[in-house]
Amino acid sequence: MTTQRVLVTGSSGFIGGYVVEELLRRGYEVVGVDNYSKYGKVSKSYDDHPSYQLIEGDARDPALLGNALVDCEHFIAGAALIGGISYFHSFAYDLLATNERIIASSCDAAIRAFEEARLRKVTYLSSSMVFESTDRWPSYEGQEREVPPPLSSYGFQKLAVEYFARAASDQYGLPYTIVRPFNCVGVGEMRAKTEVEVRSGNVKLAMSHVVPDLVQKIVKGQDPLHILGDGSQVRHYTYGGDLATGIVTAMEHPRALNDDFNLSTAQETAVLELAEGIWRRLKGDTPFRYVCDDPFEHDVQRRVPSVTKAKEILGFEATTTLDEILDEVVPWVVGAIDRGLI
């Protein structure tokens, strides 16, 4: 059988990097598109892989995407402006306008490739933020259309991605799968070029992603540790490698056709519990002390997914524990701080 080819937009990004590695591991040929808008030029482990080709360009260009899709059976539409919670405030308009242009361009190119070339399906990366306004947990597939729309422009636009997917299917028959990653944690996330610095106690942060930010504050000697909010916020911190497994499985699986899936660990963790786990790895038996700072407006208190559908239909479970994640990620972040990447 001829090797299948997959286009991945945002291929040099945080989740995109894990997705490309997983596709190559499974024997696909991969075409990546990235304009390095977030981190600047980065090197990836797969840059010189014989089955990987990178096109440096902007996913808002439908002609560029159309040319890239000519020989592809699959398209993982992952490109987007995305950042930590400070992003939601600093770039509220850009998150809406730029990401709308990206998704429209992606669908335009995909519709044409489906009609005229070999494209079989688009796998769209949505977000847990589509459930931003819920007051009932766990959040199950379909609930995003039953609760009020997200308040943040980022969450609202991710919900729009799902409407684009279904609309392109309704009008043009373009097959789709929607995946919603929850709270990705992993290695490879660096200081964004455009991230606005936010002061937390005596440390300026440039990411607003909880794990690297906590590591940075502890490494720089912050004691007591500053926590955004009261630390009771609940998240499901999911390993990037597990999310990539889920995304590629959803891309491949025949029962994923024209359906949507939450991808997440089933393990629930409070921010304070996470902070203490990182503290212990870096400070040993030093007493854990913390103070609470005012949270950001869109700092959702609970983000708890139902993972039943992905398990029952795709056979997918995120199995990497938080301890295993932190054992890998904390030393990597410390090294990245030393190298000036964070």
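Close amide H partners of residue 139, meaning residues 5 or more places away or on another chain with modelled amide H under 5 Å apart, are 304, 306. Less than 15 Å Cβ to Cβ from residue 28, Lys/Arg counted +1 and Asp/Glu -1: what total charge do the surrounding residues give? Every neighbour counted, the sum reads 0. Could you list, in their original order, any pairs among 158/283; 41/283; 283/311; 44/309; 217/309; 158/309 whose Cα atoms are separated by more than 28 Å? Where the Cα-Cα span goes over 28 Å, the pairs concerned are 158/283; 41/283; 283/311; 44/309; 217/309.
Fully extending the segment from residue 171 to residue 101, taken as 0.36 nm per residue of separation minus the present Cα-Cα distance, adds 23.3 nm. Beta bridges from DSSP with both residues in the chain: antiparallel share about 10 percent, rounded to the nearest 5. Annotation for residue 45 and residue 67: the two label points, set 7 Å from Cα along the Cα-Cβ direction, are 3.1 nm apart. Rolling a 1.4 angstrom probe over the range 103-196 with all protein chains present gives an accessible area of which 53% lies on carbon and sulfur atoms.
Packing, taken as the mean count of other beta carbons within 10 Å per residue, orders the peptides 174-184, 140-150, 159-169 from highest to lowest as 174-184, 159-169, 140-150. Of all aspartates and glutamates in the structure, those lying under 13 Å Cα to Cα from residue 220, and not within fewer than 8 positions of it along the same chain, are 338. Show me the helices of the chain, taken as full DSSP H stretches, that run 20 Å or more along their long axis by Cα and average 0.5 or above in Kyte-Doolittle hydropathy. Once both thresholds are applied, what remains is 322-338. Inter-part distance, the range 155-175 to the range 256-290, computed on C-alpha centroids, equals 31 Å. Among 331-342, 120-131, 267-278, the peptide with the highest mean count of other Cβ atoms within 10 Å heads the list, and the full ranking is 120-131, 267-278, 331-342.
Of the trypsin sites (Lys or Arg not before Pro) in the range 241-333, the ones in a loop by DSSP (not H, G, I, E or B) with at most 16 other beta carbons within 10 Å are 289. Taking 25 Å as R0, compute the FRET efficiency from the Cβ-Cβ separation of residue 115 and residue 3 and round it to 0.05. That gives a FRET efficiency of 0.60. Put simply, the amide H of residue 178, placed in the peptide plane, has neighbours under 5 Å in 124, 259, 260, 261, leaving out anything fewer than 5 places away on its chain. Just so you know, the averaged projected area of the alpha carbon convex hull for the range 240-291 sits at 5.3 nm².
What's log10 of I(q)/I(0) for the range 117-184 at q = 0.12, 0.21, 0.22 Å⁻¹, Debye sum over Cα points only, no solvent? These q points yield log10 I(q)/I(0) values of -0.33, -0.87, -0.93. The modelled label-to-label distance for the pair residue 135/residue 339, using points 7 Å beyond Cα in the direction of Cβ, is 4.7 nm.
Annotation: per residue accessible area for the chain equals 42 Å², rounded to a whole number [probe 1.4 Å, protein chains only]. Per-residue extension of 0.36 nm, minus the Cα-Cα distance of residue 146 and residue 323, leaves a gain of 60.2 nm for this segment.
Once the Cα-Cα distance is subtracted from the 0.36 nm per residue extended length, the residue 53 to residue 276 segment shows a gain of 76.1 nm.
The values are calculated or read from the model by the stated rules, or taken from the named source; none is laboratory data. This structure is a prediction, so every number in the text was calculated from the model and none was measured. All Cβ positions, even for glycine, are placed from backbone atoms using ideal geometry, and neighbour counts span all protein chains on display. These accessible areas exclude ligands, DNA and RNA; they are computed on the full protein's heavy atoms, side chains included. Shrake-Rupley method; radii C 1.70, N 1.55, O 1.52, S 1.80 Å.
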